[in-house]
Amino acid sequence: MNPQADPRFVVSPSPHVHSGVTVRRIMLDVVIAMLPALAVALWFFGWNALRLVSACVVGCVAVEWLCRRGMRRDIGVTDLSAVVTGMLLAFNLPPTLPTWMAVVGCAVAVGLGKQVFGGIGYNPFNPALVGRVALTISFPVAMTRWTPWRVPSPLSIEAVTTATPLGAVKTALSSGEPMPYAFDGRTLLDFFLGNQNGCLGEVSAAALLLGAAYLLARGWISWHIPVTYVGTVALLAAAVRATDPAHSIPVAAHLVTGGLMLGALYMATDMVTSPMTKRGHLVFGAGCGVLTFVIRQWGGYPEGVSFSILLMNACTPLINRYTRPRVFGHGGRSPARKTTA
Amino acid sequence: MVIGGAGLVCGAALAFAARFLAVHEDPRIEKVLDILPGANCGGCAYAGCADYARAIVVDNAPINLCAPGGQEVIDRLAAFLGVASQTRERNVAIVLCGGDDEHAGRKFDYNGIADCAAAHAVAGGDKQCVFGCLGYGTCARVCPVGAIEITPQRIARVHPDVCIGCGACVDACPRHLIRLVPAERRIHVLCSSKDKGPRVKEVCTVGCIGCTRCTRLAENEAIRMDGALAVVDYSKDLESEAVIEKCPTRCIVKR
Amino acid sequence: MVPRLFHARPRGVHPDDRKALSAAMPVETLPLPSILRVSMAQHLGAPATPVVKKGEAVRRGQRIGAASGFISAHVHAPTSGTVKAVQDAPTLSGPPAPAVDIEPDGEDAWTDLQPCPAWRNTPAAALVERIAEAGVVGMGGAGFPTHVKLQPPPEKHIDTLIINGAECEPYLTADYRLMLEDPQRIWTGACIIAHVLGVERVRIAIEDNKPDAIAAMAGVVREFKGDAAVVSLETLYPQGAEKQQIRALLGREVPSGGLPMDVGALVENVATACAVHDAVLTGQPLIERIVTVTGTPVQRPKNVRARIGTCFNDLAGFCGGLKGAAKLIAGGPMMGLAQPSLDGAVTKTASGVLALASEECTAFESLPCIGCGRCIAACPAGLVPAELSLYLEAEDYEAAAACHVMDCIECGCCAYVCPARRPMVQHMRRGKAWAAARSRSR
């Protein structure tokens, strides 16, 4: 035997250089982007936020590790995707939820939402939302039990509520009672900054936008899904507000309450479960927006972000199929084709 | 009520359809299919067992094509169809290369798709010996019964007791190292290198160096030279284990 | 017009160009090495047939390999000396092909050359004959025989000649140095090609990260009477790819499976234009080229004028040797061919020899696709590489062919941006090989 040049060269197909992007780096950036919202959650919900976020992160990573081991696959927890799922799931939980329920949510999210399909990349639905919806259906009471909250500038005399703004609005509309909120500038600003009842991570649109700006700057999300999603909701809300002001809330109120910002910025933009092309993003975002608004305005639930995104996740393969780019040299409107065809 | 009614109507319609639109087939096809082992390996050159069963009944295809079934299936088919039983030698696959990573060098570190055909296409494969087994397991992946193992020293090895002789691996190997041979032939020259002796010695310690010693020891010319490579003639009996001991590079083995 | 919005900009990537390593180094001529290994497969098409035997004495520029077939090219002796061997040797892409080993005698004595300074009064056919005789092939990478390109079928009307000086591959500076140091030769070569084709419009395409090359070329083009211009292209890999360049420059799109001549264009690399100049004006065949020897492990990166057949080992030695090289590449980092050893030799298409340290090169991992869509945004051919690679990973070649895998130009943009480190180009090559085999068997 004649061992050649030692150490041996690496031989691989081209290209031989890489942009340096890794799945782990993307996931780490998503975690970083969620830190402002986490800080807001800790500020408003204190110990409960810490308890649920740590339970979900540890739970999701543990479930992922167990699943990979059980399936005798490479242990893939180092890509941090389970951490992202855990944080997102915690962001979608009410602050008083018992820890054990959160852990059940983790098991459903990572186990049924992701690993049964083969792990990262193969899951058709956003795992965190699968976990959240499973919990909503299994534990409807615990999932809608909110802490008492001082309402900024209320219309009625009560200054403390145990409902989310959207929940209070829905109750008022269905029972024919007057609107609970003034929705004046001060209220909306309070809501925007996070002073409202709701799930851990969804209360502060400001913090969520800050994190999303980081993701946009890093290039991991594009503007297409969030803008079309929020834009569609705003457009529909404006239309309904104009025609039926008695049974609707202002456009701005739609944008700063509920899970819209969290969903549009962090969950609808999930790479695995959203379409791959920019045009697909536009379709996906608009679809999410329509569904969310329809559920909010006319549905039985006060909030519809989770269901909308999951429903559109199911449409993703179809959207991908119909929004493929035009292949170079095939048809198109290039003027040269006229002279050559 | 409405849904239940609709379900009832649809069910009835389906039942009708099943009864009246059923394709009438020769009932023997199903019986033959029962006799066949159901491995769907494609070794018979038909598209699965059902296709072969149809071919036997409708087109009078030979009944000795099923490798996994062996003699037992042939006998049962003959009895069922009332034709004379035929014989079939059981064939098994053998990888004619013994140069694993302990004995044969690699010329570079390959980084790409873990597949032999893909690796073979990148700078001609990473093995120093251009004839040797690359060990990326393409044959193992196409094997319907999992009879091929990629050893920790990265070489493909067929387990003859598991192999059904379907030949899928023979076509899959980009270096054409796998042959189907009668199961009772146990002595093999585990080398396919057409290189001359000195070159073989450079790249592998268990390659055939073309010394021709085995061809003189083997009874009735059961080993012949093909250029600088000793090749077993599997149509002839080869019992003498002297060839194994006398091979200077130990590339003749009994398996 | 809505879809235009999404197709208006050419797609591609912006890799770190690393050209500063060698851009400032003037071209140096490599002393005659002790042995030259001239491959007969240096071009697209059938390899040449060796026409010399072992022990034969050859002179510099003498034909040692004859074109075999219409798409093929002659090969010539890079120096005078003795043929040491005629045998199969691995080509830069792997599979073996005949090669002629020549031991130089140090005389470097030319064979008889026939210059043709009066090319303007020479018929096109005679010029094409000279170019074919000189074994000129496309020196940008593909190696398509130039004389074949210069004989388009009569029904194809070519109106524009593009001289490609984009050099969009990172690290490489061979074309850049040629444009700086020898713009006149390039321009004369371009004029000869334009004369052969009867083309009135000539465009010299250079990426805007090489302003001095643009200035140098503009200096010589100014003296031309017809419609000639130096065009600055946006720096974007792969703007040097023929079809992408035609679209960027002329707004014409070569139809799938077609050739540039289908849209009335012809693209020649600057080094090829230079070789055409030599072939016609001095009668010299293509026996040397500029090679960029670069990369951080190379001690003194250089642009080297080397004979065809020069061993990479000699090149590395001339540049101070390699230190800590994990990968050796013939060509650029995006489309070059990784080499198993330093035994490879310079060919007509080898514009660079690049060494990379281990932390600089891609390590493919084949993790699952996470559907980020970055490959789609990067693909200059408008494909969906993510989907294609999934089909090809599952060896579903039919589906890949239906998704236009044959339109892949193997530029490597998809693999460059892939966070899952999937070996996309290798998948595509397998798909293309399968589809090509299928269309042959039909």
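The values are calculated or read from the model by the stated rules, or taken from the named source; none is laboratory data. From a predicted model like this one, the values you see are computed outputs, not experimental measurements. Here Cβ is always computed from backbone atoms with ideal geometry, including for glycine, and neighbour counts include all displayed protein chains.
Considering segment C:433-442, the residues that are assigned to a helix (DSSP H, G or I) and away from every other protein chain (no Cβ under 11 Å) include one that is surrounded by the most Cβ atoms within 10 Å (Cβ to Cβ), namely C:435.
Residue by residue, here is whether (1) closer than 30 Å to residue C:238 by Cα; (2) surrounded by 17 or more Cβ atoms within 10 Å (Cβ to Cβ) holds:
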{"residue": "A:243", "(1), (2)": "no, no"}
{"residue": "A:247", "(1), (2)": "no, no"}
{"residue": "A:302", "(1), (2)": "no, yes"}
{"residue": "A:328", "(1), (2)": "yes, yes"}
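A count restricted to segment C:15-36 and to residues that are outside any loop (DSSP other than H, G, I, E, B) and either surrounded by 22 or more Cβ atoms within 10 Å (Cβ to Cβ) or polar (S, T, N, Q) (or both) stands at 2. If you go through segment B:133-156 one residue at a time, do you hit one that is within 30 Å of residue C:341 (Cα to Cα), out of contact with any Lys or Arg (no Cβ under 6 Å at 6 or more places or on another chain) and touching a residue at least 60 places away in the same chain (Cβ under 8 Å)? Within segment B:133-156, one or more residues are within 30 Å of residue C:341 (Cα to Cα), out of contact with any Lys or Arg (no Cβ under 6 Å at 6 or more places or on another chain) and touching a residue at least 60 places away in the same chain (Cβ under 8 Å). Residue C:376 meets each of the listed conditions (1) within 30 Å of residue B:125 (Cα to Cα); (2) among the β-branched types (Val, Ile, Thr); (3) over 24 Å from the mean Cα position of the chain (by Cα) apart from (1).
Among the residues of segment A:21-63, the ones that are within 14 Å of another protein chain (Cβ to nearest Cβ) and part of a helix (DSSP H, G or I) come to 8 in all. For residue A:207, the requirement of being crowded, with 22+ Cβ neighbours inside 10 Å and out of contact with any Cys (no Cβ under 8 Å at 6 or more places or on another chain) is met. Taking the stated definitions as given, is residue C:410 under 20 Å from the mean Cα position of the chain (by Cα), under 18 Å from residue A:12 (Cβ atoms), in a loop (DSSP other than H, G, I, E, B) and charged (D, E, K, R)? So residue C:410 passes the test.
I'd like the full set of residues that are touching a residue at least 12 places away in the same chain (Cβ under 8 Å), at the interface with chain A (Cβ under 7 Å from one of its Cβ atoms) and either assigned to a loop (DSSP other than H, G, I, E, B) or buried (at least 24 other Cβ atoms within 10 Å of the Cβ) (or both), limited to segment C:255-274. Once the filter is applied, which keeps residues that are touching a residue at least 12 places away in the same chain (Cβ under 8 Å), at the interface with chain A (Cβ under 7 Å from one of its Cβ atoms) and either assigned to a loop (DSSP other than H, G, I, E, B) or buried (at least 24 other Cβ atoms within 10 Å of the Cβ) (or both), segment C:255-274 yields C:256, C:263. Taking residues in segment C:213-232 that are without any contact (Cβ under 8 Å) to a residue 24 or more places away in the chain and closer than 16 Å to residue C:270 by Cβ, and partners anywhere that are of a type in the set (A, V, I, L, M) and surrounded by 14 or more Cβ atoms within 10 Å (Cβ to Cβ), the pairs with Cβ atoms closer than 7 Å and at least 6 places apart or on different chains are C:214/C:206; C:214/C:230; C:218/C:230. Criterion applied to B:166, B:133 was being among the hydrophobic types (A, V, I, L, M, F, W, C), more than 12 Å from chain C (Cβ to nearest Cβ) and in contact with a strand residue (DSSP E or B) (Cβ under 8 Å, 6 or more places away or on another chain), and the one residue passing it is B:133. Return the residue satisfying two criteria in turn: it lies in segment C:415-442 and is basic (Lys, Arg) and free of Cβ contacts under 8 Å to residues at least 12 places away in the same chain, and of such residues it is farthest from residue C:375 (Cα to Cα). Here the answer is C:442.
I'd like the full set of residues that are at the interface with another protein chain (Cβ under 7 Å from one of its Cβ atoms), out of contact with any strand residue (DSSP E or B) (no Cβ under 7 Å at 6 or more places or on another chain) and either surrounded by 19 or more Cβ atoms within 10 Å (Cβ to Cβ) or not in a loop (DSSP other than H, G, I, E, B) (or both), limited to segment C:308-345. Result: C:335, single match. Scanning segment B:73-86 for any residue that is assigned to a helix (DSSP H, G or I), modelled with pLDDT of 80 or more and closer than 25 Å to residue B:186 by Cβ turns up at least one such residue.
Being under 26 Å from the mean Cα position of the chain (by Cα) and outside any loop (DSSP other than H, G, I, E, B) is the filter; apply it to segment C:346-371 and report the residue that is surrounded by the most Cβ atoms within 10 Å (Cβ to Cβ). Explain how you work it out, then say what you get.
Residues of segment C:346-371 under 26 Å from the mean Cα position of the chain (by Cα): C:346-358, C:360-364.
Adding the requirement that they be outside any loop (DSSP other than H, G, I, E, B) leaves C:352-356, C:358, C:360.
Details: C:352: 25, C:353: 28, C:354: 34, C:355: 28, C:356: 26, C:358: 13, C:360: 20.
By that ranking, first place goes to C:354.
Which fully enclosed helices (runs of 4 or more DSSP H) of segment C:173-254 have 1 or more residues being in contact with an Asp or Glu (Cβ under 7 Å, 6 or more places away or on another chain) and closer than 17 Å to residue C:274 by Cα? Lay out the reasoning, then the answer.
Details: elements: C:174-181, C:183-197, C:211-221, C:242-250.
In segment C:173-254, C:174-181, C:183-197 are the helices (runs of 4 or more DSSP H) which contain 1 or more residues that are in contact with an Asp or Glu (Cβ under 7 Å, 6 or more places away or on another chain) and closer than 17 Å to residue C:274 by Cα.
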